[in-house]
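**Q** Can you read through this structure? Questions will come right after.
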Amino acid sequence: MRRLLVFIALAAAASLAAAQGGPQSWPTRPLRLVVPYAAGGPIDISSRLLAAKLQESLGQPVVVENRPGAGGNIGVDLIAKGPADGYSLVMSAIATLAINPSLYPDLPYDPLRDLRHVTLLVQVPNVLIVANDLPAKNVQELVALAKQRPGKLDFGSGSTGSTGHLAGELFKVMTGTYMVHIPYKGSAPALADMMAGRIHLMFDNLASALPSIKAGKVRALATTTLKRSSFLTELPTLDEAGLKGFDMTTWWGVSVAAKTPQPVVDRLSADILKAMDAADFKERLRGMGSEAPAIRTPEQFNAFVASELKTYTALVKRSGAKAD
Amino acid sequence: MKIKSPQDFWAGLMFIAFGLFFVVVALKFYQMGSSVRMGPAYFPVVLGGLLATLGTIVLVNSLVLAGPAVAKFHFRPLLFIAASSLAFAYLLKPLGLPLASIALIFICAYGGHEFRWKEVAIMSVVLVIFSVLVFVEGLALPFPICPDFIEVCPIR
Amino acid sequence: MDGIFSNLAIGFVEVFKLQPVTMWGMTLQHVPFNIIMCLIGCLLGTLIGVLPGIGPVATIAMLLPVTFNLSPIAALIMLAGIYYGAQYGGSTTAILVNIPGESSSVVTCLDGYQMARQGRAGPALATAAIGSFFAGCVSTLVVAMFAPPLAEVALKFGPAEYFSLMVLGLVAAVVLAHGSLVKAIAMVILGLLLGLVGTDVNSGVLRFAFGISELADGIGFVTVAMGMFGICEIIANLEQKEHREVFTSSVGKMMPSKEDWKRMVMPIIRGTALGSALGILPGGGALLASFGAYTLEKKVSKYSHEFGKGAIEGVAAPESANNAGAQTSFIPLLTLGIPSNAVMALMIGAMMIQGIAPGPQVMTERPQLFWGMICSMWVGNLMLVILNLPLIGMWIKLLSVPYRYLYPSILLFMAIGVFSISNQPFDCFLMAVFGLLGYVCVKLGCEPAPLILGFILGPLMEENLRRAMLLSRGDPWVFISPSKPISMGFLLASVALLVIIAAPALRKKREEVFVEET
């Protein structure tokens, strides 16, 4: 018991000493990086990579904390409502910032008002892939096939309301076709069903589809971004293939509470960018299918979130998807 | 009407209650859909109905066939074990892992047959050191070590 | 055949390769680095497997950044070691304290824990280790020799086939209980219903969450298992009369007797076969393997009356099956680039970040990596058995610790483990609720194992049923049409199994009611 008392006394003394320092000395204690998903996914892995890098440059431990639940909303809400002291960061993503606001009727936070977006970390294009036995060899033939057999083609996705699902819905709207959406739990089982020819096409993110494309188990027809992907340079974009302006990427980045002081945001942004420019880190992110994002400053990122939010609000409404 | 098998009687009631609960909630809030496009209510309604039916069978049987009585409930361990895990859960963030662990150990030890102050204290110290080393240092779980009100933790 | 041997030779050379290693500024020549990584992985895996609630997924995720400083082969060998080390460790906890840390060790609890209570923890642990080792060896060979054709088989499983397999699995789940048949079926259905809580995969609608956002992703398996097995067991033990120890005081023998050896041979072989076959199926394969093996033994064994009361077959078969399944679950990953479970998804992540695209081309483009990994599985299994057999002595000593010291420790580790899943108090609260539910169920003569299996299989079953109906545009014959022989086979097998189960139960109904105990 006495040991415990001594320990508490020491701790209290240390805390007093530290309270003297001003905010300019940020960071003076460990940071936490909330990942609003269970451990193990690409967002989680990239967060851990980033945490290790930030730990070096900030000189304080960066603890990754998984707070899964409600499609990521719980974890993001935690930071949106948390202290704006720069010690709590969250890895927010297209789902939590741009799609969920229209998918979930009562989202507890406002992605623009409650959060300050610091740096866009990863941008992964989606690719349109089709089963090998589907006769369509390019986008035009696919559209023709879908028109010829309305309601007969099935497109899979990793979940209802995912970018894969919404890309499919956008495709339907832009081409005036009708296909049936088959939701899966993650894109792996959907890919397996596609290899076996049970579903016909899907929009999957490049990282999970690339091994199967390279192995020739499925056929890629186009990427969903305006620019061609450096991973599959010979693959046209949907925009080139006639669906003018079709642009969808999966992305995620670091956000903090809205009222976080500007100097802290600047320092954080600078350190994250420094990590992203380091050769080894860049290579790891590339391994996850990410092209280095062109959006770099907090201002650009915030503007980007706002425009994505607008795009997806319209798209979700059009697709009729909802979760309540 | 005499209950011949109390255990089955109550088990039957429990199943009926659970079954009806799922059926009612599903019908009230979710869509049934059709067999082609099954709505979110389809599966719970079918299963809930089945559960309630099975519960009824168990219940009716309990009135016909003799069976064992319900063993006595012991509320002391039940209460203390539940309370100790709740105490841990809700104290972990504000007070840190060591203090929350101590709370858990003391409460649940108190729910046992014999509570020896000294033993439990020693056990707490050993377990706290072990958990801090293994879970926080070793496995890097994001648990605080010091209570919230201490600004800068001397450990880590 | 020659090809296999030369390939395995490549692999073993890679695993045992001596290489220069620089550490803390010192460079050592000729270090068997890959083997050391394998050992570290196995040790770490065993540790996290033993700790309830801490799973291989979280550990591997946490270690990923560290592995980037290693060569790809060393990293993958270590991560794979964690994965099957956790399987070994998980069965230890299941046997010693009745806590299934992984879904595949639920059935190990049934007889393993009973053996431990009878002072036969040593033989139970040894059986688990030996069974797992044998299964590991055989299934590693299976992976080496038959990976591509087996992957083709896995692709034959679509939603209809999965649904029918789940039906068979649920019928088999009923066999796990040894009390009343109707109550066991009711518990399975209750489990199915509880599994539906959370976001519906097909419509995205949130069901039975009542505005609690923590329930949006459903109830976690670990939470339910810790509550219904762990918490419930502690409460049940504490209500026993004063001073009665939970475990018989004599520690007993460490190794299985001659009789035990004789009884475990066939279950291990059958379990291995079943596990290797089902392990290749993504989604629930390994789990179905472990209790499929248990069900099979309970039906074919002449000691079937001992099941649930400490039958050694009830440990040998599921343990072999789940370890065999753990090895063959690498097949979809290695041949198709598709992960069959969350750990495999992480392995894919690890490979991609190391610059390797997983898939069939790995075998031809990087044979050292591919075969090295396969050989490391065998070496890892050998290490684990060498590591675990001496550990048994330590584990059974742990059981002679008075229960009043043991249970607070178990409870603390469970609470830490459950809390760490999503770092919020709610999961611990749910664990207590399920502890309560489990306690009530036990008092009412309903066993928790069927409920847990229903709980795991329920969401998979609904998902596949609805997907199959969507794909067939609502044709219910999709499950039994001649074009789907696999699905039809499973459904016929379910009916047959149901008849086999029901027949004696109907006959013995009157007696069964009285055979309740504890």
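**Q** Antiparallel versus total DSSP beta bridges in the protein assembly as shown: what percent is that, nearest 5?
**A** Percentage antiparallel, nearest 5: 65.
**Q** Here is a follow-up. Report, in whole Å, the centroid distance computed from the Cα atoms of the range C:456-497 and the range A:143-211.
**A** Using only Cα atoms to place each centre, the spacing works out to 22 Å.
**Q** So, one more: For A:THR237, what residues show an amide H to amide H distance below 5 Å, using hydrogens built from the backbone and excluding near sequence neighbours?
**A** A:THR223
**Q** Rounded to whole Hz and in sequence order, give me ³J(HN,Hα) for the range C:208-223 from the Karplus expression 6.51 cos²θ - 1.76 cosθ + 1.60, θ = phi - 60°, writing x for Gly and Pro.
**A** 6, 9, 6, x, 8, 5, 5, 8, 4, 8, x, 8, x, 4, 4, 4
**Q** Next question, about the same structure. Roughly how tilted is helix B:6-29, in degrees to the nearest 10 and between 0 and 90, from the longest Cα axis of chain B?
**A** It works out to around 90 degrees.
**Q** Counting alpha carbon pairs within less than 8 Å and at least 6 residues apart, what relative contact order, in whole percent, applies to chain A?
**A** 25 percent
**Q** Also: As a test, work out the antiparallel percent of DSSP beta bridges whose residues both lie in chain A, rounded to the nearest 5.
**A** Among the beta bridges of chain A, antiparallel pairing accounts for roughly 60 percent.
**Q** What Rg and what Dmax come out for chain A when only alpha-carbon atoms are used, in angstroms?
**A** 21.9, 82
**Q** Please work through chain C and write down the cysteines that have no neighbouring cysteine Cβ at a distance under 4.7 Å.
**A** That list is C:CYS38, C:CYS42, C:CYS109, C:CYS137, C:CYS232, C:CYS375, C:CYS428.
**Q** Which ³J(HN,Hα) values in Hz, rounded to whole numbers, follow from the phi angles of the range C:312-322 under the Karplus curve 6.51 cos²θ - 1.76 cosθ + 1.60, where θ = phi - 60° and Gly and Pro get x?
**A** Karplus values, whole Hz, x for Gly and Pro: 5, 4, x, 9, 4, 5, x, 5, 4, 4, 6.
**Q** Something else now. Which whole-number percentage describes the relative contact order of the range B:75-138, with Cα contacts under 8 Å and a sequence gap of 6 or more?
**A** Dividing the mean separation by the residue count of the range B:75-138 yields 34 percent.
**Q** With point charges of +1 on the Cβ of Lys and Arg and -1 on the Cβ of Asp and Glu, referenced to the Cα centre of chain A, which listed residue (A:PRO150, A:ILE295, A:LEU268) lies farthest in the positive direction of the dipole?
**A** Checked the options; the winner is A:PRO150.
**Q** For a quick check: with amide H placed at 1.01 Å from N, whose amide H comes under 5 Å from A:VAL118's, ignoring anything fewer than 5 positions away on the same chain?
**A** Distant-sequence amide H within range of A:VAL118: A:VAL254, A:SER255, A:VAL256.
**Q** Same structure again: How large is the dipole of the range C:31-514 about the Cα centre if only Lys and Arg carry +1 and Asp and Glu carry -1, each at its Cβ, rounded to the nearest 20 debye?
**A** 980 debye
**Q** Let me ask another. Obtain the nm distance between the two label points defined at C:SER400 and C:MET23 by a simple spin-label model: each point lies 7 Å from its Cα along the Cα-to-C-beta direction.
**A** 3.5 nm
**Q** Mind sorting C:TYR407, C:TYR294 by how few other Cβ atoms lie within 10 Å of their own Cβ, fewest first?
**A** Fewest-to-most Cβ neighbours within 10 Å comes out as C:TYR407, C:TYR294.
**Q** If we count other beta carbons within 10 Å of each Cβ, what is the order of C:GLU259, B:GLU137, fewest first?
**A** So the residues, fewest neighbours to most, are C:GLU259, B:GLU137.
**Q** How about B:LYS28: which lysines have a C-alpha closer than 23 Å to its C-alpha, ignoring those fewer than 8 places off in the same chain?
**A** Result set, ordered by chain and number: A:LYS322.
**Q** Convert each backbone phi in the range C:62-70 into a coupling constant with the Karplus relation 6.51 cos²θ - 1.76 cosθ + 1.60 (shift: θ = phi - 60°), then list the ³J(HN,Hα) values in order as whole Hz, x for Gly and Pro.
**A** 5, 7, 3, x, 5, 6, 5, 7, 9
**Q** Whole Å is fine, so just give me how far the alpha carbon centre of the range C:34-103 lies from that of the range A:100-139.
**A** Here the answer is 33 Å between Cα centres.
**Q** Which whole-number percent gives the relative contact order of chain B, counting Cα pairs below 8 Å spaced six or more residues apart?
**A** After rounding, I find 22 percent.
**Q** Cα centroids of the range C:167-233 and the range B:16-46: how far apart, whole angstrom?
**A** Centre-to-centre (Cα) distance: 16 Å.
**Q** What order do you get for C:TRP24, C:TRP477 when you list them from fewest to most C-beta neighbours inside 10 Å?
**A** Fewest-to-most Cβ neighbours within 10 Å comes out as C:TRP24, C:TRP477.
Rule-based calculations on the coordinates, nothing more; no lab input. None of the values given here were measured: they were computed from a predicted structure. Cβ atoms come from the backbone with ideal geometry, glycine included; neighbour counts cover every protein chain shown.
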